[in-house]
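Colleague: Following this message is one structure expressed as structure tokens.
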């Protein structure tokens, strides 16, 4: 007879490699923040424990998160399924509360002020609750995830917090929720959906790169050639002809109407400008209805692609070997905005160059592969879905943040996991990792 796992003996079965990588990356993050903010005036020891600067606060955040991680490892694994619905509902209520008692920080009304001058961002925590609820839903015996109904319910769970994030002007956090597609694809989401999503993304990019009228004409010619081919080959198969016409109609409408409307009426001017600058083009803010009154730039105002340009300069100045510890001219000179949060990667690139950043990315890669290995050895569907949700969230944050700093993705304002400064961000990633470690320690159990 198998012995029931003791939830209190958390050291047995816990993946130590992940824990080591977790603390290594937190240490790197504190080092990067230190390189950005440290000044030689005053005592080093006092600045580290004083709690008056970002790297000192991050140390305290890390200590607090360590205790939270230990607490999670002491819990019974079944508690995560038992409270998944309550936690998700509570997270949604907290996100709704930001519209009433929220604090506006950098144009985002997604923060709730708490004691001691700290602020909580419910949208960050809601990623954890969404992952737990999605895992619980898919793990139910009555859920057949190959059915459209189950897939739509799962999408609804994910779309609700994403929509609230958009309403809070947190486009970056809203995009993170798309990372749950990794878990859904692993559990049976048809590959054709991924193909459709990728094709739509390519169509949008093509619309921005080309003249919409020319692209519409090209799509019409291609659709006409397909229809003529189908008429000759399948004279009686009207369904395929209607399918081609339907696809053409969707593409034509996207190019001529949907994309221009979204960029000129839904997005703010700075959002459209950042996306256009990513592909090397300029956006005319006079076309933007939401920013028509402020389309004329004020004297001395920095351009919308200023952050990315300074980020590229900082990373490029690091060269192959880097300028060295505390020797960066761009990051130390405060030329890069938000350099201890969204653009923290620049401090690493300037100080340690290509060699340092490549080594850092290999560390992240090993961390992700380790999480995938943990996901694949789970016996429980709940644990596997949750694990792949964690993998998706980490991968999305890493890929988008780094691509953002080197100009390959628009600036959407999401942190680099375990590296960027911020208590809410560090707490969220800590809880994500340690819940996974707790589930993995009990991987011989079938959790529903």
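Since every read-out is calculated from the coordinates, none of them should be taken as a lab result. In this text, all values refer to a predicted model and were calculated from it rather than measured experimentally. No Cβ is skipped: glycine too gets one built from the backbone with ideal geometry, and neighbour counts run over all protein chains shown.
Colleague: Sort 229, 396 so that the residue with the fewest other Cβ atoms within 10 Å of its own Cβ comes first and the one with the most comes last.
Modeller: Working: 229 12, 396 21.
Ascending Cβ contact count within 10 Å gives the list 229, 396.
Colleague: Relative to the present Cα-Cα distance, how much length would full extension add between residue 24 and residue 82 at 0.36 nm per residue of separation?
Modeller: Values: separation 58, 0.36 × 58 = 20.88 nm, distance 3.23 nm.
Separation in residues times 0.36 nm, less the Cα-Cα distance, equals 17.7 nm.
Colleague: What is the calculated FRET efficiency for residue 265 to residue 365, with r their C-beta to C-beta distance and R₀ = 35 Å, to the nearest 0.05? Write out the running numbers ahead of the final one.
Modeller: On the way: r = 40 Å, r/R0 = 1.15.
Computed FRET efficiency for residue 265 and residue 365 comes out at 0.30.
Colleague: Quick check: from the Cα gyration tensor, does segment 172-215 come out rounded (a/c under 1.5), prolate or oblate? Let's see the in-between values first.
Modeller: On the way: a/c = 5.96, a/b = 1.88, b/c = 3.17.
Oblate, since a/c reaches 1.5 and b/c is not below a/b.
Colleague: If each residue's Cβ is checked for other Cβ atoms within 10 Å, how do 261, 276, 38 rank with the fewest at the top?
Modeller: Details: 261 11, 276 19, 38 16.
Lowest count first: 261, 38, 276.
Colleague: Between residue 403 and residue 96, what is the spin-label point distance in nm, taking each point 7 Å from the Cα along the Cα→C-beta axis?
Modeller: 3.4
Colleague: Can you compute the FRET efficiency between residue 355 and residue 75 using 1/(1 + (r/R0)^6), with r the Cβ-Cβ distance and R0 = 35 Å? Round to the nearest 0.05. Intermediate results must be reported in sequence, preceding the final value.
Modeller: Working: r = 41 Å, r/R0 = 1.17.
With a Förster radius of 35 Å, E is 0.30.
Colleague: A follow-up question, please. Using 0.36 nm per residue of separation minus the Cα-Cα distance, give me the extension gain between residue 178 and residue 205 in nm, one decimal.
Modeller: Details: separation 27, 0.36 × 27 = 9.72 nm, distance 1.82 nm.
Gain in length upon complete extension: 7.9 nm.
Colleague: Would you mind calculating the gained length between residue 376 and residue 49 on full extension (0.36 nm times residue separation, minus the Cα-Cα distance), in nm to one decimal?
Modeller: On the way: separation 327, 0.36 × 327 = 117.72 nm, distance 4.13 nm.
113.6 nm is the gain from fully extending residue 376 to residue 49.
Colleague: Right, another one. Of 111, 321, how do they rank once you tally other Cβ atoms within 10 Å and put the fewest first? Kindly include the intermediate steps, with their values, before the conclusion.
Modeller: Details: 111 23, 321 11.
Final ranking by Cβ density, sparse to dense: 321, 111.
Colleague: With a ≥ b ≥ c taken as the square roots of the eigenvalues of the C-alpha gyration tensor of the chain, please select rounded if a/c is under 1.5 and otherwise prolate if a/b is larger than b/c or oblate if it is not?
Modeller: Details: a/c = 1.86, a/b = 1.15, b/c = 1.61.
Because a/c hits 1.5 or more and a/b fails to exceed b/c, the chain counts as oblate.
Colleague: Run the simple label-point estimate for residue 241 and residue 148 please: 7 Å along Cα→C-beta, distance reported in nm.
Modeller: My value for the distance between the label points is 2.5 nm.
Colleague: Also: If I take R0 = 41 Å and measure r between the Cβ atoms of residue 67 and residue 159 in this structure, what FRET efficiency does the formula 1/(1 + (r/R0)^6) give, to the nearest 0.05? Before the final figure, lay out each step's value.
Modeller: Working: r = 34 Å, r/R0 = 0.83.
With a Förster radius of 41 Å, E is 0.75.
Colleague: Another one. I need the shape label for segment 146-288. Rule: rounded when a/c is under 1.5, else prolate if a/b > b/c, else oblate, with a, b, c from the alpha carbon gyration tensor. Present the calculation step by step, with values, prior to reporting the outcome.
Modeller: Details: a/c = 2.62, a/b = 1.18, b/c = 2.23.
Note, shape of segment 146-288 comes out oblate.
Colleague: Still on this structure: Would you mind pulling out the separation of the Cα centroids of segment 344-358 and segment 118-183, in Å?
Modeller: Rounded to whole Å, the Cα centres lie 33 Å apart.
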